1. Out of all the residues in region 12-32, is one or more at pLDDT 85 or above, assigned to a helix (DSSP H, G or I) and surrounded by 10 or more Cβ atoms within 10 Å (Cβ to Cβ)?
2. Under the condition of being at pLDDT 95 or above and of a type in the set (Gly, Ala, Ser), which residue from region 51-104 is surrounded by the most Cβ atoms within 10 Å (Cβ to Cβ)?
Amino acid sequence: MCLKPSETPFPDTQTLTMRSASHHHRRKSKKQIHIRVLNLTRRRRLLREENKEMKMRNLKLLVENQSIILENEALKKKALLLHQENNALFALLHPTLSPVSTSFLLRSS
C-alpha cells in the first residue's frame, strides 16, 4: 500500500468519537474545580444542618415519649385503684356475690 507524502498512516484523530474521548479526559479548569468544591462544601453544610435539626427533633420526641410513658403508668395505677374501689363498693352492695378478682391487674403491671 503506497501512501502519498501528505497522507498519514493513522486515521484522522479529530473524528467525533476521538474528540469526545479526548474531551472526557481533559483536565478541568481551576474555576470548574473551585465551583465544584464550593458546591460540595455547601452540600456538606446543609447536611450538617439537617442532621442537627433531625437530632433535635429526635430529642424532643424522646422527651415527649418519656412523659407519655410516665403518664400512662400513673393512669394504670389510678385505674387499678378505681377498680379495687369499685369491687369493694360492689361487695358492700351485694354481700352474697363474690367480687371480681383484681389479681390479673396486679400481674399485668
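1. yes
2. Checking each candidate, the answer is Ala79.
The values are calculated or read from the model by the stated rules, or taken from the named source; none is laboratory data. This one's a predicted model, so the numbers in the text were calculated from it and none came from an experiment. Here the Cβ is made from the backbone with ideal geometry for all residues, glycine too, and neighbour counts use every protein chain on show.
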